[in-house]
């Protein structure tokens, strides 16, 4: 049995487009990679699958959503982001050592929205209405992503 026999009948559906794009991206990223059982290689394969899934879903959704544009931008600028994250971690450690860095926004009632902004790609720059709309779409796409990846895993394990 091939993957195409397991795809939904609607070729324009997000599930179908994601499944095809995900497998193509994964195949391209995984070329000529040695298979090893070391923790480093397992983590490397995990990152490849995550990168392929994120890039595929964001590209299927296209530029009409803020989260997809932000996710594609983050993927393209991954090296810069890694350096930035290191600087942020160093800064956070320094702030903790000084005793600062509590959660003043929790007291003002905006803590949950700020937590949501951290979870949704591109959420840092959205107003609350846009944030909720983007979050709903992002959750729908993540659910689709999980369903498709489960179906692919089931197909290749049976």
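When you go through (1) farther than 27 Å from residue 128 by Cβ; (2) at pLDDT 75 or above one by one for residue 64, which number turns out not to apply?
Residue 64 satisfies all of (1) farther than 27 Å from residue 128 by Cβ; (2) at pLDDT 75 or above except (1).
Please list, ordered by first then second residue, the pairs with beta carbon atoms under 7 Å, 6 or more apart or interchain, first in the range 45-65 and at positive phi and surrounded by fewer than 20 Cβ atoms within 10 Å (Cβ to Cβ), second part of a helix (DSSP H, G or I) and at pLDDT 90 or above.
Matching pairs, first to second residue: 62/68.
Here are some conditions: (1) surrounded by 11 or more Cβ atoms within 10 Å (Cβ to Cβ); (2) within 30 Å of residue 137 (Cα to Cα); (3) at pLDDT 75 or above. Residue 81 meets all but one. Which one does it not meet?
Failing condition for residue 81: (3).
May I ask you to say which residue of 139, 90 is out of contact with any strand residue (DSSP E or B) (no Cβ under 7 Å at 6 or more places or on another chain) and either at pLDDT below 90 or part of a loop (DSSP other than H, G, I, E, B) (or both)?
Matching residue, one of 139, 90: 90.
Across the range 1-49, what is the total count of residues that are modelled with pLDDT under 70, outside any helix (DSSP H, G or I) and touching a helix residue (DSSP H, G or I) at 6+ places or on another chain (Cβ under 7 Å)?
3
The values are calculated or read from the model by the stated rules, or taken from the named source; none is laboratory data. None of the values given here were measured: they were computed from a predicted structure. Virtual Cβ from ideal backbone geometry, glycine too; neighbours counted across all protein chains shown.
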